[in-house]
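Everything on this sheet refers to the single structure shown next.
Laboratory data are not the source of any read-out in this text; all were calculated from the coordinates shown. Bear in mind the structure is a predicted one, so any value in this text is a computation, not a measurement. Quick reminder, even Gly has a Cβ in these numbers, built from the backbone with ideal geometry, and neighbours come from all protein chains shown.
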């Protein structure tokens, strides 16, 4: 009974994410009133201020500096500029004349990239190290359909994940910032070809990430635990030999952004206190992410693509290849983004209990990032 509830919850989550993706307009510019409503909500929820002077005309958002009550202006500007449809944010000094409104809409300007946008202190929001788009085990919310190729045990599968990275504390260090946080995720795979959509495998991850960022360079060091569990109905139906796979691990990743369009990253990891104890500990990971410069960012969507490559000593350094490409919708729920991606994977299974098995699949997924 508990497993049926688990499957139902996973399928409901899949439906919600798919509905969210279909309900999000990809290219239509929001009306000024819609932008104003979101802007009022951002100011009140993120900065605890109200701005009666706030106005929006042709996507140009203006407000008086006196309404900000000591809030960091550049953080306010960056948060408001992230709202889909905003083409410019103007914070006016007291006594300044109101801006003239041209007959034609103002031309879009690129988002302001300033160091002061990073808030310091407890629970500052955001993360210095951006998510790895094509990493099959990066904690975030997602739901995917997978079609496995030449796999006698699994053909049609649903893969869901629940998790995120939360920053607990951030401060400045030299010319950059450092932060410590918590990262947690659950990754589950369901057999859609079975009569009751059996849970095949679930992996649980919890980590403490320590990150540093200086301009376009970011580094993340993690200490984490992962354990793997087979689904009861799948285990009873297939009589699979269960392996109590669990381990602690440390890893280090270094990432560099080339503007807003290209990102390279690389790193390595080491297992300890692993079960089975015979697991070889070393691994390496590297990858590339690309975002299209077209259409402009103010349109609210853009094509993206990513490739993630991993090698593990346990698997004789064979290649695990993950490729994802599709569309990213920016400004979902004000500051979030939603990705609709075609997926391809070939290599050793990322599902813990089956780490020795070679798998290949294609799929379509919806991924939601905070």
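Overall form of the range 106-259: prolate. Here a/c, set by the Cα gyration tensor axes a ≥ b ≥ c, is 1.5 or more, and a/b is the larger of a/b and b/c.
When a/c reaches 1.5 or more, the comparison of a/b and b/c decides; with that in mind, is the range 301-340 rounded, prolate or oblate per its Cα gyration tensor?
Numbers: a/c = 6.18, a/b = 2.99, b/c = 2.07.
Prolate, since a/c reaches 1.5 and a/b exceeds b/c.
Need the C-alpha centroid separation for the range 173-200 versus the range 118-144, integer Å. Cα centroid of the range 173-200 versus Cα centroid of the range 118-144: 11 Å apart.
Could you tell me which of rounded, prolate or oblate describes the range 229-362, using a ≥ b ≥ c as the square roots of the eigenvalues of the alpha-carbon gyration tensor, with rounded for a/c under 1.5 and, failing that, prolate when a/b is larger than b/c and oblate otherwise? Prolate shape, in that a/c is at least 1.5 and a/b is the bigger ratio.
Packing, taken as the mean count of other beta carbons within 10 Å per residue, orders the peptides 141-147, 360-366 from highest to lowest as 141-147, 360-366.
For the pair residue 210 and residue 242, label points projected 7 Å from Cα toward Cβ lie 3.7 nm apart.
Each peptide in 170-177, 264-271 was scored by the mean count of other Cβ atoms within 10 Å over its residues; highest first, the order is 264-271, 170-177.
Can you give the alpha-carbon Rg of the range 132-187 over 2.2 N^0.38 Å, where N counts its residues? Write out the running numbers ahead of the final one.
Values: Rg = 17.1 Å, N = 56, 2.2 N^0.38 = 10.2 Å.
Cα Rg divided by the expected 2.2 N^0.38 Å: 1.68.
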